[in-house]
Every structure is written in C-alpha cells, then in structure tokens.
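Every read-out reported here was derived from the displayed coordinates using simple, explicitly stated rules and does not represent laboratory data. Note that the coordinates shown come from a computational prediction; the quantities given were computed from them, not determined experimentally. Cβ atoms come from the backbone with ideal geometry, glycine included; neighbour counts cover every protein chain shown.
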Amino acid sequence: MRIVIIGAGNVATVLGRLIKNAGHEILQVVSRDVYNAQVLATELNCAFAVNSSLIDKTAALFLIAVTDTAMSQLDETYSLGDKLVVHTAGSVSKDVLKNVTNNYGVLYPLQSLRKHNMKLHQDIPLLIDANTEAAITILQNFALSISSNVSKANDELRLKLHVAAVLVSNFTNHLYALAFEYCSKEGADFKLLLPLIEETALRLRNHSPNEMRTGPAIRKDIKTLEKHLKLLSAYPKIHNLYLKITDSIMER
Ligand SMILES: NC(=O)c1ccc[n+]([C@@H]2O[C@H](COP(=O)([O-])OP(=O)(O)OC[C@H]3O[C@@H](n4cnc5c(N)ncnc54)[C@H](OP(=O)(O)O)[C@@H]3O)[C@@H](O)[C@H]2O)c1
C-alpha cells in the first residue's frame with residue numbers, strides 16, 4: 001500500500017518501521033519540524049515535507065500520528081477527498097477527520113510506544129475503526145500486515161480501553177517512580193524489585209488480577225500496615241497514596 005505518514009514522533013516512527021518492514025511503500029513523512037521530519041524520512045527511505053500543502057496526495061492511506069490537540073486543528077490543506085485517512089489516538093473520535101476526507105478511521109496502538117530503545121514487536125494490539133464497512137476492510141487488512149493482534153473497537157470502546165490503559169500502565173509507572181525515589185533516599189537498591197515487578201505482570205497471562213492479590217492489605221495485617229505507614233510519615237505523598245490504595249484493596 002502507498003502511504004503518507006503525518007507526524008514524526010514516537011507513534012509515527014514505530015508504526016513507520018512496522019509499515020516499512022511489512023513491505024509497504026512509504027511515500028512521504030509530513031511533519032512541522034524539519035529535523036524530525038528528515039530523520040524519520042531518512043530512516044524510512046522516503047521523501048519529507050514540513051508544509052501540509054506539499055502533501056503527496058497520490059498515497060492510498062494517510063496515517064496521522066500527531067498530538068491530540070494538533071489533530072483537532074488540522075487545517076483545510078489536509079483536504080483529501082475520498083482517500084483513507086486514519087489517526088492513532090485512543091481518546092479522540094474518528095469524526096475529527098470527517099472534514100478531511102469521506103473515508104476515515106482510527107488505527108490505535110494499545111501499547112506504550114517509544115522511538116528510542118524499543119524492540120519492534122509484530123503483535124502490538126491494534127484497535128481499528130472506520131466510518132464505512134469498505135474502509136474497515138481495507139484498514140483491517142492493512143493492520144493485519146503489520147501486527148498479528150488486530151481487533152475492532154468503536155470510539156466508545158476505544159476510550160474505555162484507553163482509561164484502562166492509563167490505570168495499568170501510567171498509574172503503575174507512577175508507583176514505580178515513587179518507589180524508585182523512596183529507595184534512592186533510603187539507600188535501598190530499586191533494581192532488587194525488578195523480578196517482583198516482572199513476576200506480578202507475567203502472572204496475568206494465566207490468572208485474573210483478583211486471583212493474584214497478595215500483601216498486607218488483603219491479609220488485613222494491621223500491624224504490618226502500621227509499621228509501613230510509620231516509615232512513610234516522612235513521605236506524605238506516598239503515605240497518602242498508600243492509605244488510599246490500602247483502603248481500596250480492603251473495600252473489595
Ligand atoms: N506514544 C504512545 O505510546 C501512544 C500510543 C498510542 C497512541 N498514541 C497517540 O498517538 C498520537 C501521537 O503520539 P506520539 O506519542 O507519537 O506523540 P509525540 O511523540 O509527542 O509526537 C507528536 C507529533 O505531533 C507533532 N505535533 C505536535 N504539535 C503539533 C502541532 N501543533 N501541529 C502539527 N504537528 C504537531 C509533533 O511534531 P514536532 O516533531 O514538530 O514536535 C510530533 O511529530 C497521539 O494522538 C497519542 O495519543 C500514542
């Protein structure tokens with residue numbers, strides 16, 4: 001398929017690599033920052049443009065991977081007639097593209113993507129949606145060419161999954177950051193916790209999170225909880241979260 005990628009950030013880069021590896025023809029990277037556009041175009045071996053008026057309209061698929069705010073400000077130069085145009089956001093309706101083209105949709109990677117230090121996976125969950133059945137079929141075939149893990153999700157379901165993604169990824173990472181800071185200040189080696197982090201996540205491949213609950217809160221081990229809270233009195237932010245999450249675990 002002949003493709004133009006709009007944006008040159010994390011998602012544009014990772015999807016660009018997958019698209020190139022799958023043997024599609026990437027015609028152009030369009031991005032406002034000349035350096036970023038050029039770097040990605042060089043990697044993908046295609047042309048680049050920094051001005052939307054220079055977009056190569058001969059492509060069959062236009063993949064827009066810009067920030068959610070930028071997407072809502074797409075100007076009339078992105079008027080692409082009947083061409084298939086998709087964005088990659090979890091929380092933005094596909095209809096944001098309805099003034100850009102008559103065939104539009106979403107290709108949302110349900111994964112945290114980074115252009116640096118990230119192995120290229122062929123099974124990133126891709127949630128697709130489009131405004132017509134014909135567009136869904138084209139998009140589904142395209143998505144299956146870059147990932148073995150493709151499913152359909154409309155705006156509503158995608159938004160719900162985005163909320164769940166924030167809980168399991170962004171929130172847990174915030175807890176890792178707090179634990180890292182705590183360990184650094186207390187002279188403990190955070191790296192000793194890595195096998196525990198990995199084991200906890202891996203168990204979910206075969207068990208539900210409810211089955212795998214463990215720790216002092218679920219055991220209602222008040223003495224241990226009090227000791228922990230005493231230690232955390234010097235860390236009000238962590239103390240507060242520890243109490244809230246302990247309450248939430250005990251309420252279940
Ligand atoms: N990263 C993820 O893990 C992930 C996963 C799933 C979905 N998404 C979604 O994918 C989309 C792109 O995310 P990302 O992580 O690739 O973001 P990113 O790495 O921050 O890159 C954002 C891109 O948008 C461009 N941009 C920013 N403001 C702009 C503006 N006002 N006008 C035109 N272009 C603008 C940036 O251009 P410059 O280079 O000039 O700054 C850059 O190319 C977002 O909708 C995000 O929600 C992200």
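Quick notes
- Estimated dipole of the chain in Debye, rounded to 20 [Cβ of Lys and Arg +1, of Asp and Glu -1, Cα centre]: 700
- Sites listed here are trypsin sites (Lys or Arg not before Pro) in the range 96-125 whose DSSP assignment is loop and whose Cβ has at most 13 other Cβ atoms within 10 Å: 98, 114, 119.
- DSSP bridge orientation in the chain - percent antiparallel, rounded to nearest 5: 20
- Packing-based exposure ordering (other Cβ within 10 Å, fewest first) of 96, 106: 96, 106
- Residue-averaged [θ]222 nm for the chain, counting only DSSP H segments that reach four residues, each worth -39500 (n - 2.57): -12500 deg cm²/dmol
- Inter-probe distance in nm under a simple model that places probes 7 Å from Cα toward Cβ, at residue 137 and residue 1: 1.4
- Residue pairs exceeding 22 angstrom between C-alpha atoms, taken from 115/185; 185/230; 57/98; 57/94; 20/119: 115/185.
- Cα centroid separation, the range 167-246 to the range 1-79: 41 Å.
- Dipole check for the range 64-208: with +1 at the C-beta of Lys and Arg, -1 at the C-beta of Asp and Glu, and the Cα centre as origin, the magnitude is about 300 Debye.
- With the highest mean first, a sort of the peptides 132-144, 236-248 on other beta-carbon atoms found within 10 angstrom per residue produces 132-144, 236-248.
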